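The values are calculated or read from the model by the stated rules, or taken from the named source; none is laboratory data. Just so we're clear, the structure is a prediction, and the values are computed from it rather than from any experiment. So basically every Cβ, Gly included, is an ideal-geometry build from the backbone, and we count neighbours across all protein chains shown. All accessible areas refer to the heavy atoms of the entire protein, side chains included, with ligands and DNA or RNA removed. Shrake-Rupley method; radii C 1.70, N 1.55, O 1.52, S 1.80 Å.
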Amino acid sequence: SMKLYQYRRGFHGGRGLEHLSDLLKQGSLKFSMPSEFNDPFDCCPAQLQECPVGDLPHAVVDELNRSVQGASSQLHGIACFTPHPDRILMWSHYADHHQGLCVGFDSASLRDPPRNSEGNPLYRDITPVTYSPNRPSPEGLEQFFHKAEAWSYESENRLITRRQRGHPEWGPGVWPIPRAAVTEVVLGARMPDYIAHQVVSLVRANAPSVALRKAVLHMNTFEIVLEDLADQPEVAPMKGYIQGPNGDWLVI
């Protein structure tokens, strides 16, 4: 089975620790509304694909597309994953500039979703995103799995949940996935020590089988290297001074 990862922020003055605790203890995972995403094209299909370009102003069609996206967001929740725990841009964008972390999931365990009172599953399957130059049509689920080529480095995989008959009715919100699906926690290269200690304590107390790793910067190349946390040396912070242009000494 494939390992999938989710980058997380909010450990520096946010609710990241609380959310990680809920994930480890209850399997609680957020399925976000598409309208919350950072890409305004995401899950916002071209409603007027047959309309020749130029017949209507782009802004008018955008408002139509956006209103339909907003309605769809009331019904659908999305959880996003990637097979890559070592992408510089993803650490920068989704993990507080490398101060957050990355959670690893076992895709085989994710394929056993909970069901509601009517037997409807939380989601159907893990589906990879397709990257293309053209916006998807509003037909079927295509709109949820097509993104601009600019995002292709993310190699995104998605779980989609839709409101359905029964209790709970699923849809956007926080829902339980199998706890066994969580297999790994990778600390960001710039996570402050005091937060790292809290994260490690949380993992060891609630999910001792979850592997702990650390992202570090390669000494020669622009690469992120993932190493076992147990292998990390204790490195003392280095201090010194440099002389400024007016003869004053600056602390480094």
Looking at the range 25-47, is at least one residue at pLDDT below 95 and among the basic types (Lys, Arg)?
no
Pairs under 8 Å by beta carbon, first residue in contact (Cβ under 8 Å) with a residue 60 or more places away in the chain in the range 61-73, partner in a helix (DSSP H, G or I) and open to solvent by 70 Å² or more (accessible area, probe 1.4 Å), six or more apart or different chains?
73/36
Return the residues of the range 224-252 that are open to solvent by 100 Å² or more (accessible area, probe 1.4 Å) and closer than 26 Å to residue 89 by Cα; say none if nothing qualifies.
231, 235, 237
Taking the range 145-162 and keeping only residues that are open to solvent by 10 Å² or more (accessible area, probe 1.4 Å) and either in contact with a Leu (Cβ under 6 Å, 6 or more places away or on another chain) or of a type outside the set (Asp, Glu) (or both), one is left with 145, 146, 147, 148, 150, 151, 152, 153, 155, 157, 160, 162
Could you grab me the full set of residues in the range 89-110 that are exposed (fewer than 15 other Cβ atoms within 10 Å of the Cβ) and either of a type in the set (Val, Ile, Thr) or assigned to a loop (DSSP other than H, G, I, E, B) (or both)?
97
Please go through (1) in a loop (DSSP other than H, G, I, E, B); (2) open to solvent by 40 Å² or more (accessible area, probe 1.4 Å); (3) out of contact with any Cys (no Cβ under 9 Å at 6 or more places or on another chain) for residue 135 and return the number of the only condition it doesn't satisfy.
(3)
Among the residues in the range 43-55, are any surrounded by 21 or more Cβ atoms within 10 Å (Cβ to Cβ), hydrophobic (A, V, I, L, M, F, W, C) and under 13 Å from the mean Cα position of the chain (by Cα)?
no
Just checking, how many residues over the range 187-199 are surrounded by fewer than 21 Cβ atoms within 10 Å (Cβ to Cβ) and in contact with a strand residue (DSSP E or B) (Cβ under 6 Å, 6 or more places away or on another chain)?
2
On the basis of being more than 27 Å from residue 122 (Cβ to Cβ), of a type in the set (Gly, Ala, Ser) and not in a helix (DSSP H, G or I), does residue 247 make the cut?
yes
Looking for whichever is assigned to a loop (DSSP other than H, G, I, E, B) and open to solvent by 30 Å² or more (accessible area, probe 1.4 Å) here; the options are 40, 85. Which one fits?
40
Can you say whether residue 65 is polar (S, T, N, Q) and over 20 Å from the mean Cα position of the chain (by Cα), as far as the supplied structure shows?
yes
Just one of 66, 165, 115 is open to solvent by 50 Å² or more (accessible area, probe 1.4 Å), modelled with pLDDT under 95 and farther than 30 Å from residue 196 by Cα; which is it?
66
Do you know which residues across the range 177-186 are β-branched (Val, Ile, Thr) and open to solvent by 70 Å² or more (accessible area, probe 1.4 Å)?
none
I need a count of the residues in the range 200-223 that are farther than 22 Å from residue 17 by Cα, open to solvent by 80 Å² or more (accessible area, probe 1.4 Å) and either part of a loop (DSSP other than H, G, I, E, B) or in contact (Cβ under 8 Å) with a residue 40 or more places away in the chain (or both).
4
Enumeration of residues in the range 2-25 that are of a type in the set (Phe, Trp, Tyr) and either assigned to a helix (DSSP H, G or I) or open to solvent by 30 Å² or more (accessible area, probe 1.4 Å) (or both):
none
